[in-house]
Every structure is written in C-alpha cells, then in structure tokens.
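Take a look at the structure set out below.
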Amino acid sequence: MPSLLTQSEQASQLEQLPQWQIARDPDRLVCTFVFADFKCAFAFMTAAALHAEQMNHHPDWSNCWNKVTVHLSTHDKGGLTQLDFDLAKAMSQLHTTVFAQSK
C-alpha cells in the first residue's frame, strides 16, 4: 500500500497536471473535464473506470451533462498517495488523446 505524500511531493507531482488542483481538508485532487456532450462525457467515464479498475483505485466523481468532476484520494490512507497522481495522469491523458476532439 502506498504511503501519504508530503505537501512538497504533492506540489511536485501537481506540476505535471495543469488541469488538476489540490483541495484541502481532506486532501484530494480535483478536476472537472468538459466534453462536447453527454455521450462523450459518459464514454470518458467508461474508459476511465476500466483503467481505475485495473489499478484497483476508484475515483469519487459526478457527471452533469457534458462535465465530469473527479475527486481523487486514497481513502484508507486518509489523503493523497502516488496512486491518486497516477490515476489523475491517466485520466488527463485519456481526456487529451481520446476526447480532446469532442469539445
């Protein structure tokens, strides 16, 4: 099981994720992805869910028409671990490479 990252480590990781922000109390990564329509947003969630399942690390997220808001944290550690940043990177890459044209 990964360990909690320090705030310095979190800041370093965040430099690679310009779409994401760190929310505090409790610590979590937050991002809202925007798509052309509901169908594209839902397709993104489906693809991201398959990746999350492979990692055995599942996001807290919501969908409202063309937007998907994601909150990542490692609940059993009570904060942010490398797993959160790895999943954030995968989701951002998926959004950029597969769904960017859907905006």
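Being without any contact (Cβ under 8 Å) to a residue 12 or more places away in the chain and closer than 19 Å to Thr97 by Cβ is the filter; apply it to segment 29-65 and report the residue that is surrounded by the most Cβ atoms within 10 Å (Cβ to Cβ). Among those residues, the one meeting the criterion is Ala49. Answer yes if at least one residue in segment 42-54 is outside any helix (DSSP H, G or I) and out of contact with any Gly (no Cβ under 9 Å at 6 or more places or on another chain), and no otherwise. There is no residue in segment 42-54 that is outside any helix (DSSP H, G or I) and out of contact with any Gly (no Cβ under 9 Å at 6 or more places or on another chain).
May I ask you to list the residues in segment 69-87 that are surrounded by fewer than 16 Cβ atoms within 10 Å (Cβ to Cβ) and part of a strand (DSSP E or B)? Break it down stepwise before answering.
Quick first cut of segment 69-87, residues surrounded by fewer than 16 Cβ atoms within 10 Å (Cβ to Cβ) only: 69, 71, 75-76, 78, 82.
Thr69, His71, listed by residue number.
Taking the listed residues Gln10, Gln93, the one that is in contact (Cβ under 8 Å) with a residue 60 or more places away in the chain, surrounded by fewer than 20 Cβ atoms within 10 Å (Cβ to Cβ) and in a helix (DSSP H, G or I) is Gln10, with no other qualifying.
FYI, it's all coordinate maths here, none of it is from the lab. Note that the structure is a prediction, hence the values are computed from the model and not measured. Here Cβ is always computed from backbone atoms with ideal geometry, including for glycine, and neighbour counts include all displayed protein chains.
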